[in-house]
Amino acid sequence: MIDLSVLSATDIREGIAGKEFSAHEVAEAAFARIDALEPEVHAFNQLTPELAAKAAARIDALVAAGEQLPPLAGVPAAIKDNMNLVGTRTTCSSKILANYESVYDCTAVRRLLDAGALPVGKCNLDEFAFGSSTENSAFGVTHNPWDLERVPGGSSGGSAAAVAAGMATVSLGSDTGGSIRQPGALTGTVAMKPTYGRVSRYGCVAFASSLDQIGPFTHTIRDAALVLNAIAGKDEMDATSVTEPVPDFSAGLEDGVKGLRVGIVRDMLELEGLAPEIKASVEAAAARFAALGAEVDDVDVPAARHGLAAYYIIGPAEASSNLARFDGIRYGHRIDDASDVLDLYMRSRAEGFGPESIRRIMLGTYALSAGYYDAYYGQAQKARTLIIEDFAKAFTDYDVLITPTSPEVAFKIGAKATDPLSMYLSDVFTIPLNLAGLPGVSLPCGLSEGLPIGLQVIGRHFDEATMLRAAAALEADLALDMTPPLARQA
Ligand code: GLN
């Protein structure tokens, strides 16, 4: 039997190419694990065995014909359920889109599948990606494979849990303020937000269009590089995707960090609320970088401390505008006893959206309303500019920066459910990167009481290659086994 808890995407492709096993058998192994673990984890909103079987048949036909295999041949892949894929519903884990059938493919998903991946299903998320725990889903919470009583993080918690449990080898999430990296940290997976514009957002339901970016969850940095290569690059359908050349992100991953300038963002490490074990683990990682030959020093990014406040104006402002389209007419849930069109809009939306979505819409419309626009939205944009400038300054002296990914390890389900402000704090280290458009990757750097700790490595704009090289050096040095106990049993 193929043990998907230990195989990387690279291993799977090689195994298929070397005829150790077929893509069909890989798909079977993935669904056997899903049968065993999904009832406890609930990572998926929808499973797609027929789509996976079709994709596997294509790969096995290539093998039979002796043809070259695409880079992600036969790799089980899970997709966050805010990305369209024909043949699936795209629900955003919202009642308002519960029956919405995708009418076209999200570019990043299409590219992942063209690269040979097998789509196993659509993953649970916080409704419309609002949240840090996947508890804000209309379809139930996802459980962390490391401890089923804890959250997997969010909003891409289903995508993170699917990979952590070995139900998929790679997955796609979206990250507006940390929704890939924070669940990556909480589930012990590798989780990357590329530079804004590196990956097309076409077909990913918009949360905040100036912040959203699609990226991978994987077990290894090399796999993250492979997935990024598959999905990156200009797309005619997204004007914010860039023509910047896409290098081979796997090349040079083993070149090490000798002479690389690594900045520890000291003012972030001194932040109140950061768990002491996480701070210690990040300091230890910094020491490992130094031992590996990097030049490690402290750096400050002072304006980053305003990131959270600026984000909770800009994010909801853009969300309130993007969510206006869910009006019961063009999309989604519609009440059937409307007295007039206004009644139809209002009650369809009130019934369809969950409480966090309504909170975001209210925050956003308030911040954008006449009389408040300059005081809130205008100020937040100014803070955003300062954050961009402070990062640019830091990158004149450093090649990569490091911070914790999350201020705490996975918390108990329900622990923050009634306290949105403490939930918002989960992304204090990740949000500044979205505001500045910078790439960041979270990788496991240790355990605290049996739960994973994530380190965030930040790169320059469009320099994911250096960021991934640094992360790969640390990954090789630490050589952690990040298989959750649950995944080992299956
Ligand atoms: N947790 C943050 C929020 O709730 C980030 C979400 C995201 O990146 N999609 O907005």
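The values are calculated or read from the model by the stated rules, or taken from the named source; none is laboratory data. The shown structure was predicted, so the numbers you read here are calculated from the model rather than taken from an experiment. Counting neighbours? That spans all protein chains shown, and the Cβs are built from the backbone with ideal geometry, glycine included. Side chains are part of the model used for accessible areas, which takes the heavy atoms of the whole protein and leaves out ligands, DNA and RNA. Shrake-Rupley method; radii C 1.70, N 1.55, O 1.52, S 1.80 Å.
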Handout entry: Solvent-accessible area, 1.4 Å probe, carbon plus sulfur percent, for segment 439-490
Key = 50 percent
Fill in the blank from the handout: Simple SL model, points at 7 angstrom along Cα→Cβ for Lys234 and Ser369; separation in nm is 4.4 nm
Practice task
Obtain the nm distance between the two label points defined at Val6 and Asp297 by a simple spin-label model: each point lies 7 Å from its Cα along the Cα-to-C-beta direction.
Solution key: 4.5 nm
Practice task
Any chance you could look up the accessible area of Phe139 with a 1.4 Å probe, heavy atoms only, rounded to 10 Å²?
Solution key: 70 Å²
Exercise for the section: Please say if segment 373-490 is rounded, prolate or oblate, where rounded means a/c under 1.5 for a ≥ b ≥ c the square roots of the C-alpha gyration tensor eigenvalues, and otherwise the choice is prolate for a/b larger than b/c and oblate otherwise? Expected result: oblate
Problem - Integer Hz, Karplus 6.51/-1.76/1.60 couplings in order for segment 83-94, x for Gly and Pro - result: 10, 6, 8, 4, x, 10, 7, 10, 9, 6, 6, 10
Practice task
Past 32 Å, Cα to Cα, is the threshold; run Lys122/Lys382; Lys95/Lys382; Lys393/Lys416; Lys19/Lys122; Lys193/Lys258 against it and keep the listed order.
Solution key: Lys122/Lys382; Lys95/Lys382; Lys393/Lys416
Completion exercise
Once Lys and Arg are counted +1 and Asp and Glu -1 for all other residues with Cβ under 13 Å from that of Leu271, the total becomes -3
Handout entry: Calculated [θ] (222 nm, deg cm²/dmol) that DSSP helices of n ≥ 4 give over the chain, each run adding -39,500 (n - 2.57)
Key = -12000 deg cm²/dmol
Completion exercise
Taking protein heavy atoms only, a 1.4 Å probe, and rounding to whole percent, the accessible area of segment 180-338 owed to carbon and sulfur comes out at 50 percent
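Tell me the net charge near Asp114. Cut-off is 12 Å between Cβ atoms, Asp114 excluded, with +1 for each Lys or Arg and -1 for each Asp or Glu. Working shown, then result.
Numbers: positive: Arg58, Arg110, Arg111; negative: Asp105.
Net of charged neighbours comes to +2.
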Fill in the blank from the handout: Within the under-15-Å Cβ sphere about Lys54, not counting Lys54, Lys/Arg +1 and Asp/Glu -1 give a net charge of -3
Fill in the blank from the handout: Sorted by chain and then number, the residues having a modelled amide H within less than 5 Å of the amide H of Arg150, at least 5 places away or on another chain, are Asn144, Ile413
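Can you classify segment 335-437 as rounded, prolate or oblate using the Cα gyration tensor, where a ≥ b ≥ c are the square roots of its eigenvalues, rounded means a/c under 1.5, and otherwise it's prolate if a/b beats b/c and oblate if not? Walk me through the numbers on the way to the answer.
Values: a/c = 3.29, a/b = 1.64, b/c = 2.00.
Oblate, because a/c is 1.5 or more while a/b does not exceed b/c.
I need the shape label for segment 203-334. Rule: rounded when a/c is under 1.5, else prolate if a/b > b/c, else oblate, with a, b, c from the alpha carbon gyration tensor. Intermediate results must be reported in sequence, preceding the final value.
Working: a/c = 2.58, a/b = 1.46, b/c = 1.77.
The shape class here is oblate.
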Handout entry: Rounded FRET efficiency, nearest 0.05, which uses the C-beta distance separating Ser209 from Ala57 and R0 of 60 Å
Key = 0.95
Practice task
Taking the Cα centre of the chain as origin, work out the dipole magnitude from +1 charges on Lys and Arg Cβ and -1 charges on Asp and Glu Cβ, in debye rounded to 20.
Solution key: 620 debye
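Sorted from largest to smallest, which semi-axis lengths in Å does the alpha carbon gyration tensor of the chain give for its equivalent ellipsoid, taking the root of 5 times each eigenvalue? The partial results should precede the final answer.
Working: eigenvalues 192, 173, 84 Å².
Working from the Cα gyration tensor, I get semi-axes of 31, 29, 20 Å.
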Problem - Per residue accessible area in Å² of the chain, where ligands, DNA and RNA are left out and the probe is 1.4 Å - result: 36 Å²
Completion exercise
Phi-derived 3J(HN,Hα) across segment 245-252 with the Karplus relation (6.51, -1.76, 1.60, θ = phi - 60°), rounded Hz, x for Gly and Pro, is x, 9, x, 7, 6, 7, 5, x
